[in-house]
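The values are calculated or read from the model by the stated rules, or taken from the named source; none is laboratory data. The structure presented is a predicted model; accordingly, all values stated were derived computationally and were not measured. Heads up, the Cβs are rebuilt from the backbone with ideal geometry, glycines too, and the neighbour counts pull from every protein chain shown. Side chains are part of the model used for accessible areas, which takes the heavy atoms of the whole protein and leaves out ligands, DNA and RNA. Shrake-Rupley method; radii C 1.70, N 1.55, O 1.52, S 1.80 Å.
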Amino acid sequence: MPRRKPQRKNSRRSEPPKTSEGSLFGSALIRQESGPAGASDERYIVRSVPGARATKSYRCPGCDHEIRPGVAHLVAWPAEYGSGEDRRHWHSGCWSGRGTRGLTRRWS
């Protein structure tokens, strides 16, 4: 059986690097990006949701398919006026391709 290296007692975890691109929100990295097609001049706050934290089903506005529980995805909302009601859950690939295609689903 392999042995583990003994850990030093006074070792500290290093803090995450401070970048201008994103900041730490809870335990998730958030960043600002341009919005979906048609709103490219508007800034959106984007947060990654790991699969272990995805517990509900959502409908992706980019492809109009369901994001099932346990699937990693992104949450985006407008930076200026966004609130809890303005958050939309996107597949990572749909968010990445948002500039080349329009929204499939419009919400009110």
Worksheet entry | Flag for ALA37 being surrounded by 11 or more Cβ atoms within 10 Å (Cβ to Cβ) and modelled with pLDDT under 75 | yes
Item to complete: Determine which member of the set ALA72, ALA54 is of a type in the set (Gly, Ala, Ser), within 16 Å of LEU29 (Cα to Cα), open to solvent by 30 Å² or more (accessible area, probe 1.4 Å) and modelled with pLDDT of 90 or more.
Response: ALA72
Item to complete: Tell me, yes or no, whether segment 15-27 has at least one residue that is at pLDDT 85 or above and open to solvent by 100 Å² or more (accessible area, probe 1.4 Å).
Response: no
